[in-house]
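> One structure, pasted below without further comment.
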Amino acid sequence: MNILFAMNKANKFLNTKGIISSRLDCEILLSKATQSNRSEILLNLDRELSKKELDYFENLVEQRSKKKPIAYIIGKKEFWKNEFYVSEDVLIPRPDTELIVHKVLEITKKRTNLNILDIGVGSGCIILSILKERSKFKGTGIDISKKSINICRINSDNLGIINRLKLFKSDIDNFKYGKYDLIISNPPYIKKFDLKNLDKDVIGFEPKLALDGGLDGLSGIRKVINNSTKLIKRKGALVLEIGFDQADKVKEILRGNGFYIKEILKDLANNNRCIVSIKI
């Protein structure tokens, strides 16, 4: 069977399963199965696939038909300017979260040395993207998941940053080490009873620990803010990702913990997505 026939067959199958991005997904999965890039695939549509390649491709397509995210199937996701290893133990990096990286690089462009804490580090996509851009910055990442810490360590090693990042398996309530110039976090902020409304790609595969923000969606955010007040230096910045409807409540929590609200950033859909505050 050649590439074109295999892709068309898989595309029709994924369409019947409600996969909107079926054609693109087929190209990505076939690239993985043949260890080629997408350009090579599209330029060689008449190439015959080996039995091993075809079997592997069909296995990947079967996984996708069950709504498993592409990033988990191929084990990687692009974020900012880099590629990150991911598994079902960490949240898949999303374009909206790049707002944090962009804002941090903007507000620190005149700084040469900076000590950063990432609370709930996950894959490390946020802090590692920042450290990759700023060679003199140092970072610390904490997460309650040992598997997340291991994945972040792999990514830091792949990006050549492992010597500038300390990692701790710890809940933020129990973390007492150091004072930081900048704290960043993408905490869980979805209301517990709204989880069931998420796409199957998300709720069926991504770690609930990274999604569930408690009954009001703010329990993780409160923990981050309450503990940040003890870990951040005076005039240090706290940059948080938040839910689209949480800005007013988060501002209230921040002010109650001695933070000045500097800016609220909107995502690609023009929803409130990040809040930048300064420790008074």
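> Just the residues that are in a helix (DSSP H, G or I) and in contact with a Phe, Trp or Tyr (Cβ under 9 Å, 6 or more places away or on another chain), please, taken from segment 254-280.
Correct list: Leu254 only.
> Any chance segment 7-25 includes a residue that's on the phi > 0 side of the Ramachandran plot and out of contact with any Phe, Trp or Tyr (no Cβ under 9 Å at 6 or more places or on another chain)?
Checking segment 7-25: at least one residue is on the phi > 0 side of the Ramachandran plot and out of contact with any Phe, Trp or Tyr (no Cβ under 9 Å at 6 or more places or on another chain).
Here is a yes/no grid of residues against (1) over 26 Å from Ser135 (Cα atoms); (2) without any contact (Cβ under 8 Å) to a residue 60 or more places away in the chain:
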{"residue": "Ile73", "(1), (2)": "yes, yes"}
{"residue": "Phe79", "(1), (2)": "no, yes"}
{"residue": "Ser87", "(1), (2)": "yes, no"}
{"residue": "Ile92", "(1), (2)": "no, no"}
{"residue": "Lys103", "(1), (2)": "no, no"}
{"residue": "Ile107", "(1), (2)": "no, no"}
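> In this structure, does Lys176 turn out to be outside any loop (DSSP other than H, G, I, E, B) and either surrounded by fewer than 20 Cβ atoms within 10 Å (Cβ to Cβ) or not assigned by TED's automatic domain parsing to the domain that holds Pro93 (or both)?
Considered against the rule, which asks whether it is outside any loop (DSSP other than H, G, I, E, B) and either surrounded by fewer than 20 Cβ atoms within 10 Å (Cβ to Cβ) or not assigned by TED's automatic domain parsing to the domain that holds Pro93 (or both), Lys176 comes out as no.
> Output the residues belonging to segment 230-241 that are crowded, with 18+ Cβ neighbours inside 10 Å and either assigned to a helix (DSSP H, G or I) or β-branched (Val, Ile, Thr) (or both).
Matches in segment 230-241: Leu231, Ile232, Val239.
> OK, next. Among the listed residues Ser129, Ser135, identify the single one that is crowded, with 17+ Cβ neighbours inside 10 Å and either assigned by TED's automatic domain parsing to the domain that holds Leu29 or hydroxyl-bearing (Ser, Thr, Tyr) (or both).
Result: Ser129 is the single residue among Ser129, Ser135 that is crowded, with 17+ Cβ neighbours inside 10 Å and either assigned by TED's automatic domain parsing to the domain that holds Leu29 or hydroxyl-bearing (Ser, Thr, Tyr) (or both).
> Go through segment 242-274 and report how many residues are surrounded by fewer than 22 Cβ atoms within 10 Å (Cβ to Cβ), in contact with a helix residue (DSSP H, G or I) (Cβ under 7 Å, 6 or more places away or on another chain), without any contact (Cβ under 8 Å) to a residue 40 or more places away in the chain and at negative phi.
5
> Considering segment 163-173 alone, what residues qualify as being assigned to a helix (DSSP H, G or I) and either exposed (fewer than 15 other Cβ atoms within 10 Å of the Cβ) or in contact with a His (Cβ under 7 Å, 6 or more places away or on another chain) (or both)?
Asn163, Asp173
> Which of the residues that make up segment 22-55 are of a type outside the set (A, V, I, L, M, F, W, C), without any contact (Cβ under 8 Å) to a residue 40 or more places away in the chain and surrounded by fewer than 13 Cβ atoms within 10 Å (Cβ to Cβ)?
Gln35, Asn37, Arg38, Ser39, Ser50, Lys51, Lys52, Asp55
> When the residues of segment 195-211 are narrowed to those that are acidic (Asp, Glu) and modelled with pLDDT under 95, which ends up surrounded by the fewest Cβ atoms within 10 Å (Cβ to Cβ)?
Of everything passing the filter in segment 195-211, Asp199 is surrounded by the fewest Cβ atoms within 10 Å (Cβ to Cβ).
> Can you name the residue in segment 74-113 that is aliphatic (A, V, I, L, M) and either part of a helix (DSSP H, G or I) or at pLDDT below 95 (or both) and is also nearest to Val202 (Cα to Cα) among such residues?
Among them, the one singled out is Ile74.
The values are calculated or read from the model by the stated rules, or taken from the named source; none is laboratory data. What you see is a predicted model; the values in this text were computed from it and never measured. Positions of Cβ are backbone-derived with ideal geometry, glycine not excepted, and every protein chain shown enters the neighbour counts.
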